[in-house]
Amino acid sequence: MKRLLIVANWKSNKTEKDASDWFKKIFPNLDVPAGTKVVVCPSFPLLSVCKKIAGDFALGAQDVSQFAGGAHTGEVNAKQLQDFVSWVIIGHSERRVMGETDETLQQKVAMAKENNLKIIYCVSSQDQNIPEDINAIAYEPIFAIGSGNPDTPENAEKVAKALRKKTTAEFILYGGSVNAKNVSNFLSSCSINGVLVGGTSLDPLEFKKIVETNVS
Ligand code: PGA
């Protein structure tokens, strides 16, 4: 049995009603393979409603403040998130392009750890800096994100293998244009044991197929 981490990154999508419809649609007859863990990452305002209806799915935040709290308008800190989520995504390329540096990301990682949040740390290549003691690393090449043009499973495996040498993280995820048809090519690669899914995760029935994917 391969232990898998399947992550839905909803990005800046969905209202409260959309979120509750999503959970209503995904749960009936859902058959999660033994060893598969699912994490759903909604926007901050949806976390409260999702917490009530997420069932066995874990929740994650899409980002966390680098600050502990206080006078930082617009920031959501790790202590606040702890009430709602057990996971947090740090270093997504859509945040890095807005100016997040390795130093900012280190601070975010420290905040997450201090507040017992498990970390999914995103990199776009094996050459990027990887903090110590991270739970999951997501390899997401920029060209593949939201483009419908995923990396080849062979190259993703090559990068994941290189990442394995740099980290003790339990999970190495692939992300970038993952869908129900191509997911098993990634999940069956030796060094990959999870996926980070953006666009396809918005559709509960398509995401359900991804969750139910069996690999040996
Ligand atoms: P995508 O996004 O699945 O829409 O390519 C993945 C991500 O950005 O995490």
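Residue-wise HN-Hα couplings along region 27-34, as the Karplus relation 6.51 cos²θ - 1.76 cosθ + 1.60 with θ = phi - 60° gives them from phi, are 6, x, 6, 5, 10, 7, x, 4 Hz; Gly and Pro carry x.
Give, rounded to the nearest 20 debye, the magnitude of the charge dipole that region 1-146 has about its Cα centre when Lys and Arg contribute +1 at Cβ and Asp and Glu contribute -1 at Cβ. For this selection, approximately 540 debye. Label sites at residue 83 and residue 30, each approximated as a point 7 angstrom past Cα along Cα to Cβ, lie 2.4 nm apart.
Reported value for the chain: 114 Å³ per residue, from the convex hull of its C-alpha atoms.
Using Cα pairs under 8 angstrom and six or more residues apart, how large is the relative contact order of region 75-125, in percent?
Working: 48 pairs, mean separation 27.9, N = 51.
Reported as a whole number, the value is 55 percent.
Mean shadow of region 76-179, computed from the convex hull of its alpha carbons, in nm²? Before the final figure, lay out each step's value.
Values: hull surface 27.1 nm².
The orientation-averaged projected area of the Cα hull of region 76-179 comes to 6.8 nm².
Tell me, what % of the accessible area of region 5-100 is carbon and sulfur with a 1.4 angstrom probe? Carbon and sulfur: 51 percent of the exposed surface of region 5-100. Take the chain with all the other protein chains still there, run a 1.4 Å probe, and you get 47 Å² of accessible area per residue. Annotation: extensible slack from residue 101 through residue 170 equals 22.4 nm (criterion: 0.36 nm per residue apart, minus Cα-Cα distance). Structure shown: which of 52/209; 25/208; 14/52; 24/52 lie over 19 Å apart, alpha-carbon to alpha-carbon? Going by Cα-Cα distance, 52/209 fall outside the 19 Å limit. Take the Cβ atoms of residue 115 and residue 209, set R0 to 35 Å, and the FRET efficiency comes out at 0.55.
Considering only 80, 112, 124, the residue lying farthest towards the positive end of the dipole of region 66-154 is 80, judged by Cα position with unit charges set on Cβ.
Using the Cβ-Cβ distance between residue 52 and residue 2 with R0 = 35 Å, the FRET efficiency computed as 1/(1 + (r/R0)^6) comes to roughly 0.70. Relative protection proxy for 158-166, 194-202, from highest mean packing down: 194-202, 158-166 (other beta-carbon atoms within 10 angstrom). In sequence order, region 201-216 has phi-based couplings of 6, 6, 9, x, 6, 6, 5, 4, 4, 5, 4, 7, 4, 9, 10, 8 Hz under the Karplus curve 6.51 cos²θ - 1.76 cosθ + 1.60, θ = phi - 60°, and Gly or Pro positions carry x.
Per-residue ellipticity at 222 nm from helix content only, as computed over the chain with -39500 (n - 2.57) for each DSSP H run of at least four residues, stands at -8500 deg cm²/dmol. Could you name the lysines in cross-link range of residue 113, using Cα to Cα under 23 Å and dropping any fewer than eight places away on the same chain? By straight Cα distance, residue 113 reaches 11, 37, 51, 79, 165, 166.
Taken one residue at a time, the phi angles of region 165-177 give Karplus couplings (6.51, -1.76, 1.60, θ = phi - 60°) of 6, 9, 8, 9, 3, 5, 10, 10, 9, 10, x, x, 6 Hz. Gly and Pro are set to x.
The values are calculated or read from the model by the stated rules, or taken from the named source; none is laboratory data. The structure presented is a predicted model; accordingly, all values stated were derived computationally and were not measured. Every residue, glycine among them, receives a Cβ derived from its backbone with ideal geometry; neighbour counts consider all protein chains shown. SASA here: full protein model, heavy atoms, side chains in, ligands and nucleic acids out. Shrake-Rupley method; radii C 1.70, N 1.55, O 1.52, S 1.80 Å.
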